[in-house]
Amino acid sequence: MNAPRQQPSIEILRPDFRRGDFRAAMFDFDGTLSLIRRNWPQVMIPMMVDVLAEVGTGESREALAAHVEDFVMRLNGRQTIYQMIQLADEVRARGGQPRDPLDYKAQYHDLLWAQMSDRVNGLKSGAVEPESLTVPGSRELLAALRDRGITLYLASGTDLKYVQDEVRALELDEFFGPHVYGALDDYQNFSKKMIVDRIINDANVAPHQLLGFGDGFVEIQEIHNAGGVAVGVASEEETRQGVNLWKRERLVKAGADVIVGDYRALDDLLAALGLN
């Protein structure tokens, strides 16, 4: 991951996008609102390198790490199971016998929980302030959109039970009500595209009335493809300052209309979206 650099607080990539008439907003969770899982790549990638190294192809750990990082981040935004399916395919392609992708997913969750359990427990006990584990300005942004009559949806590639728990721990559940969606064991019955389609079709929202926020390729691409306005969140998850250039590059390629690092410049962001 690249270090932050000075970027405009709000970078408009497509000046001609339609503004103001928004009725629904869809948010990704991890890296877009929540920083509870901020070090997940540093857990997933080494785990996968260990799995592939055990196949015994003679590839260096450095080469394996570069290859794994590429597909892990390419699939970022989709359900975690897809990264584990890819891992199983990589083992098979090297002549190994892969485990069930659900087994890999369980192993990853156990490793990640060891890293993040103190954060979740601290939030629940009151020892950790929710603001310290959110992208700066998240709560203020959600309140501003809600107060303007915009219905808020949350769609995460993390398992639904974890998303629901972590949204409550961060005290953001009041903004989304029943509209919290996450990965299912029956993974073919959930995708961010499905949520976008549901908002447009079931909630009778025109494509241009849909606003999307995300730090991953998938959700930005789906909002863009549907005809909505996509705000790419190139958040620096460790420092909570500046713009992550690696994220920014991918979000631009995904079709973002606007890039932000966080939501500190809320008034300027609302003005850029025609919501001031």
Revision key, fill the gap. All-but-one check, Gly182 against (1) modelled with pLDDT of 95 or more; (2) surrounded by 14 or more Cβ atoms within 10 Å (Cβ to Cβ); (3) within 21 Å of the chain's Cα centre (by Cα), failing number (1)
Exercise for review: Evaluate the following for Leu112: is it of a type outside the set (S, T, N, Q) and either exposed (fewer than 15 other Cβ atoms within 10 Å of the Cβ) or in the same structural domain as Gly212 (by TED's automatic domain parsing) (or both)?
Suggested key: no
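Being modelled with pLDDT of 95 or more, over 24 Å from Glu222 (Cβ atoms) and of a type in the set (Val, Ile, Thr) is true for just one of Val128, Val163. Which residue is that?
Val128
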Review point. Quick one: which of His224, His208 is surrounded by fewer than 22 Cβ atoms within 10 Å (Cβ to Cβ), touching a Lys or Arg at 6+ places or on another chain (Cβ under 6 Å), closer than 26 Å to Pro15 by Cα and not hydrophobic (A, V, I, L, M, F, W, C)?
Key: His208
Check your understanding: Can you name every residue in region 119-178 that is free of Cβ contacts under 8 Å to residues at least 24 places away in the same chain and in a strand (DSSP E or B)?
Key -> none
Point to revise | Filter result (touching a helix residue (DSSP H, G or I) at 6+ places or on another chain (Cβ under 7 Å) and not in a loop (DSSP other than H, G, I, E, B)) within region 260-276 | key: Val260, Leu266, Leu270
Check your understanding: Among (1) farther than 18 Å from Ile10 by Cα; (2) surrounded by 19 or more Cβ atoms within 10 Å (Cβ to Cβ), where does Gln188 come up short?
Key -> (2)
Check your understanding: Inside region 118-158, can you point out the residues that are under 14 Å from Phe27 (Cβ atoms), of a type in the set (A, V, I, L, M) and surrounded by 15 or more Cβ atoms within 10 Å (Cβ to Cβ)?
Key -> Val135, Leu141, Leu142, Ala144, Leu145, Ile150, Leu152, Leu154, Ala155
Practice item. Would you please list the contacts, defined by Cβ atoms under 7 Å and residues six or more apart or on different chains, that run from a residue in region 94-115 that is among the polar types (S, T, N, Q) to a residue that is part of a helix (DSSP H, G or I) and surrounded by 15 or more Cβ atoms within 10 Å (Cβ to Cβ)? Key: Gln107/Met47; Gln115/Val43
Check your understanding: Does Asp268 satisfy the condition of being closer than 15 Å to Glu11 by Cβ, crowded, with 18+ Cβ neighbours inside 10 Å and either touching a residue at least 60 places away in the same chain (Cβ under 8 Å) or in the same structural domain as Ala25 (by TED's automatic domain parsing) (or both)?
Key -> no
**Study point:** Residues (among the acidic types (Asp, Glu) and within 23 Å of Ser191 (Cβ to Cβ)) located in region 218-276
**Key:** Glu219, Glu222, Asp257
Check your understanding: Do we have any residue at all in region 227-246 that's under 17 Å from Gly157 (Cα atoms), of a type in the set (Asp, Glu) and crowded, with 21+ Cβ neighbours inside 10 Å?
Key -> no
Review point. Filtering region 159-171 down to residues that are over 13 Å from Leu35 (Cα atoms) and not aromatic (Phe, Trp, Tyr), which residue is surrounded by the fewest Cβ atoms within 10 Å (Cβ to Cβ)?
Key: Lys161
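The values are calculated or read from the model by the stated rules, or taken from the named source; none is laboratory data. Here the structure is a predicted model, which is why all the values come from computation and not from measurement. Don't worry about glycine lacking a Cβ; one is built from the backbone with ideal geometry, like all the others, and counts go over all protein chains shown.
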